[in-house]
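See below for the structure under consideration.
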């Protein structure tokens with residue numbers, strides 16, 4: 001079991017949009033910055049996620065100094081303030097994984113040595129841990145790909161479906 005995750009808005013939002021926020025409970029803790037919490041509240045996903053995760057969901061303040069440091073370290077990446085707050089939090093907390101669906105943030109975090117997982121990865125991990133059976137995984141994948149605000153290419157969707165179909169029942 002993975003002990004901890006730092007998350008940006010994407011995976012919590014996308015999984016909440018399709019009723020799968022409970023899959024984030026495969027982590028002992030999911031830590032978000034105050035900036036990410038504000039975005040989740042604005043999107044209507046905070047209450048869903050906090051209800052699904054209860055005490056596992058934690059908010060930590062990220063200071064302006066930490067955000068400035070990350071913006072300098074990651075200046076070659078086009079990121080937003082909440083992204084920098086996630087990178088700063090990941091740098092401070094050193095979680096097992098960082099959760100994001102943002103490709104640019106993923107690359108920035110990986111450049112700092114973090115393991116990064118997105119919404120789809122969370123679902124596959126939940127399947128691997130026995131929290132989802134294959135039909136539930138397939139349904140959850142379809143819901144996230146078709147019923148959430150997550151953008152993916154047609155090629156990526158095809159590859160995901162092939163991988164999921166090849167998994168044991």
Discussion item. Here is a check on your reading of the model: is residue 42 surrounded by fewer than 23 Cβ atoms within 10 Å (Cβ to Cβ) and within 16 Å of the chain's Cα centre (by Cα)?
Written reply: no
Worksheet, complete the sentence: Of all strands (runs of 3 or more DSSP E) fully inside region 1-79, the set with 3 or more residues that are within 18 Å of residue 150 (Cα to Cα), touching a strand residue (DSSP E or B) at 6+ places or on another chain (Cβ under 9 Å) and at pLDDT 95 or above is none
Fill in: residue 154 free of Cβ contacts under 8 Å to residues at least 12 places away in the same chain and over 30 Å from residue 75 (Cβ atoms)
yes
Worksheet item: Of all residues in region 11-30, how many are surrounded by fewer than 23 Cβ atoms within 10 Å (Cβ to Cβ) and more than 20 Å from residue 129 (Cβ to Cβ)?
Response: 1
Worksheet entry | Residue count, region 118-163 (criterion: touching a helix residue (DSSP H, G or I) at 6+ places or on another chain (Cβ under 7 Å), within 27 Å of residue 95 (Cβ to Cβ) and outside any loop (DSSP other than H, G, I, E, B)) | 13
Worksheet, complete the sentence: Expected single match for surrounded by fewer than 18 Cβ atoms within 10 Å (Cβ to Cβ), touching a residue at least 40 places away in the same chain (Cβ under 8 Å) and within 19 Å of residue 3 (Cα to Cα) among 131, 99 is 131
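The values are calculated or read from the model by the stated rules, or taken from the named source; none is laboratory data. Note that this is a predicted model, so its numbers are computed, not measured. Here Cβ is always computed from backbone atoms with ideal geometry, including for glycine, and neighbour counts include all displayed protein chains.
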